[in-house]
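Inspection log for the structure reproduced underneath, given as structure tokens.
The values are calculated or read from the model by the stated rules, or taken from the named source; none is laboratory data. This structure is a prediction, so every number in the text was calculated from the model and none was measured. Please note: Cβ atoms are built from the backbone with ideal geometry, for glycine as well, and neighbour counts cover all protein chains shown.
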Ligand code: BGC
């Protein structure tokens with residue numbers, strides 16, 4: 001992994017152009033713990049270069065986070081459009097429901113801080129929606145017809161995306177579901193696992209009532225689980241008792257980056 005300021009591996013990232021004329025795309029995933037970005041090959045959803053990763057600044061303010069984002073773009077010498085995934089709900093120029101970032105993101109104009117120097121447009125998307133879009137676009141069964149797919153990402157928070165009939169239904173925020181013990185993301189996120197040193201069995205015991213509630217309310221045909229824990233998540237998710245199939249997110253921990261890049265393509269902006 002490289003850090004902002006470090007040069008990308010020059011051996012990778014040849015010019016890429018797909019059949020629609022879209023080329024490689026920079027995607028950046030802002031999380032409560034880290035900010036990661038990479039060039040994505042939009043034909044395949046694979047990373048086309050090394051990942052630039054930096055800790056989210058302690059203040060997590062729009063100014064400081066935007067500075068890291070610009071460092072990543074600069075490290076790639078990127079001047080085109082940028083896709084950015086954010087851990088909250090995007091409403092106009094503010095970010096709501098982002099408990100893992102500074103409350104300053106709630107202020108009018110906060111998202112304007114993410115503008116890039118030069119002409120590059122910025123396309124913003126919720127981070128879990130980005131993971132869902134990545135799954136939809138590049139996952140093996142992304143658009144298969146089995147009713148509603150509920151994507152849940154377990155990281156610093158719990159994010160969600162709903163996929164139906166090949167479409168993303170954005171801004172679902174299922175991590176905010178309240179059942180007996182409190183909010184889903186407060187008791188069963190990746191952060192809760194590490195802070196409370198939960199074993200897979202302990203985690204499943206906490207998480208099960210939330211899944212039961214979601215099954216009762218949404219009747220999903222399939223679950224896709226991912227996020228920061230993707231690589232070892234199967235140990236946890238296999239303990240759950242669910243009535244419908246569970247897949248581990250195909251794009252793993254990179255799903256936010258890939259989905260952020262895919263959001264630029266979906267927006268119809270021209271290639272870099
Ligand atoms: C935010 C969601 C986000 C999730 C995962 C939650 O705290 O409210 O918008 O998707 O964290 O980052």
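To keep it simple, each residue is scored yes or no on (1) under 27 Å from residue 90 (Cβ atoms); (2) assigned by TED's automatic domain parsing to the domain that holds residue 146; (3) in contact with a helix residue (DSSP H, G or I) (Cβ under 7 Å, 6 or more places away or on another chain); (4) away from the ligand (no atom under 12 Å from the Cβ).
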{"site": "170", "(1), (2), (3), (4)": "yes, yes, yes, no"}
{"site": "191", "(1), (2), (3), (4)": "yes, yes, no, no"}
{"site": "196", "(1), (2), (3), (4)": "no, yes, no, yes"}
{"site": "200", "(1), (2), (3), (4)": "no, yes, yes, yes"}
{"site": "222", "(1), (2), (3), (4)": "yes, yes, no, yes"}
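Consider residue 149 against the criteria (1) touching a residue at least 60 places away in the same chain (Cβ under 8 Å); (2) surrounded by fewer than 21 Cβ atoms within 10 Å (Cβ to Cβ); (3) more than 12 Å from the ligand (Cβ to nearest atom): it satisfies all of them except one. Which criterion is unmet?
(2)
Please count how many residues of segment 27-42 are in contact with a strand residue (DSSP E or B) (Cβ under 9 Å, 6 or more places away or on another chain) and under 20 Å from residue 90 (Cα atoms). First the steps, then the outcome.
Of the residues in segment 27-42, the ones in contact with a strand residue (DSSP E or B) (Cβ under 9 Å, 6 or more places away or on another chain) are 27-31, 33-42.
Still in the running and under 20 Å from residue 90 (Cα atoms): 27-31, 33-37.
Qualifying residue count, segment 27-42: 10.
For residue 37, indicate whether it is within 25 Å of residue 185 (Cα to Cα) and assigned to a loop (DSSP other than H, G, I, E, B). Outline the logic, then answer.
Numbers: within 25 Å of residue 185 (Cα to Cα): yes; assigned to a loop (DSSP other than H, G, I, E, B): no.
No, not satisfied.
Please work out if residue 92 is modelled with pLDDT under 95 and surrounded by fewer than 21 Cβ atoms within 10 Å (Cβ to Cβ).
Values: modelled with pLDDT under 95: no; surrounded by fewer than 21 Cβ atoms within 10 Å (Cβ to Cβ): yes.
No.
Look at residue 178 and say whether it is within 16 Å of the ligand (Cβ to nearest atom), crowded, with 16+ Cβ neighbours inside 10 Å and assigned by TED's automatic domain parsing to the domain that holds residue 240. Outline the logic, then answer.
Numbers: within 16 Å of the ligand (Cβ to nearest atom): yes; crowded, with 16+ Cβ neighbours inside 10 Å: no; assigned by TED's automatic domain parsing to the domain that holds residue 240: yes.
The answer is no for residue 178.
Give the residues of segment 63-116 that are within 27 Å of residue 154 (Cα to Cα), more than 15 Å from the ligand (Cβ to nearest atom) and in a loop (DSSP other than H, G, I, E, B), sorted by residue number.
92, 93, 107
Quick check, is residue 184 more than 24 Å from residue 47 (Cβ to Cβ), more than 15 Å from the ligand (Cβ to nearest atom) and buried (at least 21 other Cβ atoms within 10 Å of the Cβ)? It would help to see each step written out before you state the result.
Details: more than 24 Å from residue 47 (Cβ to Cβ): yes; more than 15 Å from the ligand (Cβ to nearest atom): no; buried (at least 21 other Cβ atoms within 10 Å of the Cβ): yes.
No, not satisfied.
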